[in-house]
Structure formats: structure tokens, C-alpha cells
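Some notes on the structure that comes next.
Every number here is computed from the coordinates shown, using simple stated rules; none is lab data. The shown structure was predicted, so the numbers you read here are calculated from the model rather than taken from an experiment. Ideal geometry is used to build each Cβ from the backbone, glycine not excepted, and the neighbour counts take in all protein chains shown.
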Amino acid sequence: MRTIVVGTRKSKLAMTQTNWVIDRLKEMEPNLTVELEKIVTKGDKILDVTLSKVGGKGLFVKEIESALLNGEIDLAVHSMKDLPAEMPEGLMIGAIPVREDVRDCFLSRDGSTLEELPSGAIVGTSSLRRQAQILAIRPDLRVESIRGNIDTRVQKMRDGQFDAIILATAGLNRISWQEDIAELISVKTMLPAVGQGALAIQCREGDRETRALLVKINHEETARAVRAERAFLQAFNGGCHLPIAAYAQICENQVHLKGLVGDPAGKKMIADTIIGKNEIKMGQELANRLIELGADELLASVSV
Ligand SMILES: NCc1[nH]cc(CCC(=O)O)c1CC(=O)O
């Protein structure tokens with residue numbers, strides 16, 4: 001087999017995720033040889049503007065997709081959460097490996113949980129989804145935007161710029177940085193982002209060798225759940241910059257999908273659950289139900 005060139009962003013999380021995937025591939029194919037190609041994306045360069053203001057979908061993936069298309073690299077590992085629904089012609093998701101912890105987690109300077117944090121405390125997040133759900137249960141807290149990689153955000157909290165921050169547990173687990181976690185927030189309290197905790201491995205549609213390798217680390221249960229969540233999100237034409245959340249689990253071959261649309265102030269929340277066999281249909285149908293309940297109007301006030 002030829003040497004596979006793997007593209008990756010340079011952040012600690014991206015590198016760790018990519019190396020994790022390479023390890024899984026080598027378990028399946030011990031003689032595999034890989035070469036790492038580091039790529040800087042637009043999203044990596046924007047550090048002081050909130051992503052929701054920049055508004056662009058796929059800030060972290062465009063350069064990587066170009067490198068795949070022009071043959072510079074053969075595969076790329078993305079956080080599923082950051083991968084837009086629309087994919088350029090000629091590319092595909094070759095594998096979705098087993099999902100990490102899907103929950104958000106609460107980190108605080110003094111170890112307080114979300115419930116214990118004093119009134120008026122400053123919580124750092126630039127996710128409108130997290131903001132909406134946190135203000136729904138703690139309207140007395142102040143939410144302020146925070147940017148940077150995971151390690152940068154934790155450092156900003158330690159420095160005292162924030163009393164607490166919310167991050168994806170999956171990211172912290174992957175980089176083995178659990179010390180500041182005060183609480184894993186249940187999915188009942190904080191519904192995760194579509195695809196949170198899952199990885200997407202992207203490759204060229206025409207690259208049969210890479211595709212044959214990737215199917216070996218695909219986890220069909222995770223793939224089905226993520227397909228349901230993404231079908232739901234796609235119906236809103238939205239990305240991770242909108243206050244939309246969804247989480248699917250597979251139970252006795254059926255998909256159980258919960259979806260939620262909120263307003264950034266946490267005052268209104270529309271949520272519902274659907275159960276069925278066909279994950280794409282379930283995602284679309286759940287979105288239609290929420291739209292009937294007024295989700296589009298709620299999002300119209302947010303969309304840029
Ligand atoms: N939006 C940035 C991003 N993309 C993926 C992760 C963490 C890993 C994951 O959710 O799979 C994070 C950081 C965070 O939200 O805390």
C-alpha cells in the first residue's frame with residue numbers, strides 16, 4: 001500500500017484527533033505508512049472576533065478540502081461539529097469512528113457547579129446554543145464571548161477573565177485535560193451540538209484505496225446517530241453558530257432523536273423528540289415539527 005498523506009490543523013486538539021485516527025488505522029493495517037501535512041485554516045487565524053459574528057460556515061475546513069481535491073493530502077480528520085453539511089463535489093465522509101463523550105462540561109475557577117455559581121458570575125462561551133441553554137436555567141449569570149483553542153480558553157478562565165467556561169467534554173478527554181472540570185452537564189440540561197464528540201474522516205470519492213481503509217474504522221451506530229442529527233440541522237440551513245442542538249441515540253435498531261431550537265437570551269425554547277427507523281427521515285421530520293412550532297421565527301432573529 002502507498003503512503004497515505006494525512007492533513008491536519010495544527011491545534012493541540014486537531015493533532016490529537018488526527019493521531020488517534022492514525023493509531024486506529026494502524027491497528028487495522030499494521031504496515032500502513034502515513035505522512036502528516038499541517039494546514040492553517042481561516043478559522044485558526046481569526047482569534048479576536050466571535051465566530052458567530054464572522055458567520056461563515058466551515059471556517060476550519062475550506063483549505064483542507066482544497067488540499068484533498070488537489071491531491072496534496074489523501075485524508076483529513078475533522079470534528080464532525082465543525083464540518084458543514086454541503087461538501088464539495090468529489091469529496092465524501094469515508095468514516096465516522098466511535099463517538100467520544102457527547103456532553104458539554106462546566107469548568108470553573110473555584111470548582112463551583114453550574115448550580116452553585118454565584119449570581120452575576122461571568123461564563124465564557126461563544127456558542128449561542130450553550131448561551132441559550134445556560135441562560136434558560138440560570139438567567140442571573142452573565143454570558144460573555146470567548147475565543148481560542150481549548151487550552152487558550154482554559155487559560156483565560158484561570159487568569160480570571162471568566163468565572164467559568166463551557167466546553168465539549170470530548171475535546172478535553174481527547175487532550176487529557178480534565179483537571180478544571182467541575183461538572184459534566186447532563187444532555188437533559190444542555191443538549192449538545194449536532195455531531196459533538198464525533199469525528200468525520202474526509203477523503204476523495206474516487207480514492208478507492210483510502211476508502212477501503214477507512215471503512216474499517218467506521219462505527220455504524222455513531223454514523224447513524226450523526227446522520228439523524230445532521231439531517232435535522234440541514235433542514236434549518238444552519239451551522240454551529242445558531243442556537244440549535246440535537247442528540248440521537250440508537251436503541252434496538254431505532255433512532256431516538258431529540259432536537260432543540262432556542263433564542264440566545266434563553267427565554268424561548270422549542271424542543272421535541274422523535275423515534276423511528278430511517279435516520280434521515282427522522283431528522284427532517286423533527287425539524288418540520290419544530291418549524292410548525294415556530295422555530296424559523298425564533299432563528300430569524302438570530303441569523304446573519
Ligand atoms: N467549536 C470548536 C470545537 N470543535 C470541536 C470541539 C470539541 C470536540 C467535539 O465537540 O467533538 C470544539 C471545542 C468545544 O466546543 O469545546
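Just the projected area, averaged over all directions, of the convex hull on the alpha carbon atoms of region 88-128: how many nm²?
If I average the Cα hull's projected area over directions, I get 5.5 nm².
Its relative contact order, with pairs defined as Cα atoms under 8 Å and 6+ residues apart, puts region 233-300 at 30 percent.
If I take R0 = 45 Å and measure r between the Cβ atoms of ARG208 and SER112 in this structure, what FRET efficiency does the formula 1/(1 + (r/R0)^6) give, to the nearest 0.05?
Calculated value: 0.25.
According to the Kirkwood relation over distinct C-alpha pairs, the hydrodynamic radius of region 104-184 is 12.4 Å.
Taking the helices alone, the chain has a mean residue ellipticity at 222 nm of -9500 deg cm²/dmol, built from -39,500 (n - 2.57) per DSSP H run of at least 4 residues and averaged over all its residues.
Under 26 Å Cα to Cα from LYS188, which lysines show up? Leave out anything in the same chain fewer than 8 places away. Cα-Cα hits under 26 Å: LYS81, LYS258, LYS267, LYS268, LYS277, LYS281. If you wrap the Cα atoms of region 139-294 in a convex hull and average its projected area over all directions, you get 11.5 nm². The alpha carbons of region 233-300 give a radius of gyration and a Dmax of 11.9, 37 Å, in that order. First measure r as the distance between the Cβ atoms of GLU29 and ALA265, then evaluate 1/(1 + (r/R0)^6) with R0 = 41 Å and state the FRET efficiency to the nearest 0.05. About 0.20, to the nearest 0.05. Per residue, how big is the convex hull of region 159-244 when only Cα atoms are used? Give it in Å³. About 166 Å³ per residue, rounded to a whole number.
Its residues counted as N, the chain yields a C-alpha radius of gyration over 2.2 N^0.38 Å of 0.99. Helices meeting the span-like rule in the chain (full DSSP H runs, Cα extent of at least 18 Å along the helix axis, mean Kyte-Doolittle score of 1.0 or higher) are absent.
Between ARG289 and GLN254, the simple label model (points 7 Å from Cα in the Cβ direction) yields a spacing of 1.2 nm. Normalising the average separation of contacting C-alpha pairs (under 8 angstrom, six or more residues apart) by the number of residues puts the relative contact order of the chain at 21 percent. Using C-alpha pairs below 8 Å separated by at least 6 residues, the relative contact order for region 16-153 is 22 percent.
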